[in-house]
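Have a look at the structure below before the remarks.
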Amino acid sequence: MIAGEVITLDDTKTRIIFAAIKAVRKYGLEGVRIQNVSELAGISSGAIYRHFDSKDQLLVECFTYVDKQAAAIFEHLKFNPLRMLTDPMGTVKDLWLPYFRFWISHPDETVFYHRFRDSTFFPKYDKSRDVTYFKTFIGMVQAFKKVFPSLDRMNQDLLWLHVLTSTVMYAKYVVEGTLPNNQETEDTVFQLLATGLSGYLKPDKSSKLRKK
């Protein structure tokens, strides 16, 4: 800490969250302790409990923080709905690739996120969490469904789990060194994820006829 520097409440809380994410990568979701977090954050355990009631609350806030950072990726992407008709898979890849690269460039967050979602704690938490910060992404999905009504025949929860969970899983393999971080990996992962999707990205011919 720089001499004379004042850490505000938000600064301290953010420091704790970053430390907790690193601690989970080092010790595991079940094995991590508040003491581990305090050591990495450089503050006392008591200071952590002034911001979080329990380890569970801290981990939930860590997940929400990372989830919001990932969702923000879509806020900055250029999305041209008209291109969906001429190059649907190219449009999907342009949206997916920055998301995948976000995880690769945030190794601690990737490992934490994967472990949290894969935990027995997640299903209970998932039932009540607020995901309104994904509204931009949801709007993109709705635009695709309007052009490609076949997508409505897919189980939307299953589709999201397939794309999200698989993307994070492959990114985890990259940051842990199991897979190389290169163009070939990106192309192969996208191909694997998109194989089951391509058959649904076909415009509704009957809708086109009705418009004529």
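The values are calculated or read from the model by the stated rules, or taken from the named source; none is laboratory data. Note that this is a predicted model, so its numbers are computed, not measured. Neighbour counts run over all protein chains shown; Cβ positions are idealised from the backbone, glycine included. These accessible areas exclude ligands, DNA and RNA; they are computed on the full protein's heavy atoms, side chains included. Shrake-Rupley method; radii C 1.70, N 1.55, O 1.52, S 1.80 Å.
Annotations
- Each 5 Å bin, from zero up to the one with the longest distance, holds this percent of the alpha carbon pairs of region 12-93: 3, 14, 21, 16, 10, 7, 7, 7, 8, 6, 2, 0.
- Sites counted here are GluC sites (Glu not before Pro) in a DSSP loop (not H, G, I, E or B) having no more than 16 other Cβ atoms within 10 Å; the longest part of the chain that contains none of them is 31-175.
- Accessible surface, region 1-116, averaged per residue in Å² (probe 1.4 Å): 52 Å²
- Pairs with C-alpha atoms separated by more than 27 Å, drawn from the list LYS55/LYS78; LYS124/LYS172; LYS55/LYS135; LYS146/LYS172; LYS26/LYS78, are LYS55/LYS78; LYS55/LYS135; LYS146/LYS172; LYS26/LYS78.
- Between helix 156-175 and the chain: long-axis angle, C-alpha atoms, 0 to 90°, nearest 10: 60 degrees
- Low-density loop positions, trypsin sites (Lys or Arg not before Pro), region 79-141 - DSSP coil, at most 16 other Cβ in 10 Å: LYS127, ARG129
- If only the Cβ of Lys and Arg carry +1 and only the Cβ of Asp and Glu carry -1, the dipole of the chain around its Cα centre is close to 1060 debye.
- Residue-count net charge about SER166 - beta-carbon cut-off 13 Å; Lys, Arg +1, Asp, Glu -1: +1
- Helix 55-71 vs. the chain, principal-axis angle (Cα, 0 to 90°, nearest 10): 40 degrees
- Of the solvent-accessible surface of region 16-143, computed with a 1.4 Å probe and all protein chains present, 55% belongs to carbon and sulfur.
- Other residues whose C-beta falls under 13 angstrom from the C-beta of THR120 contribute a net charge of -1, scoring Lys and Arg +1 and Asp and Glu -1.
- Fraction of alpha-carbon pairs over 20 Å apart in region 76-151 - percent: 49 percent
- Helix 88-104 axis, angle to the chain major axis (alpha carbon atoms, nearest 10°): 10 degrees
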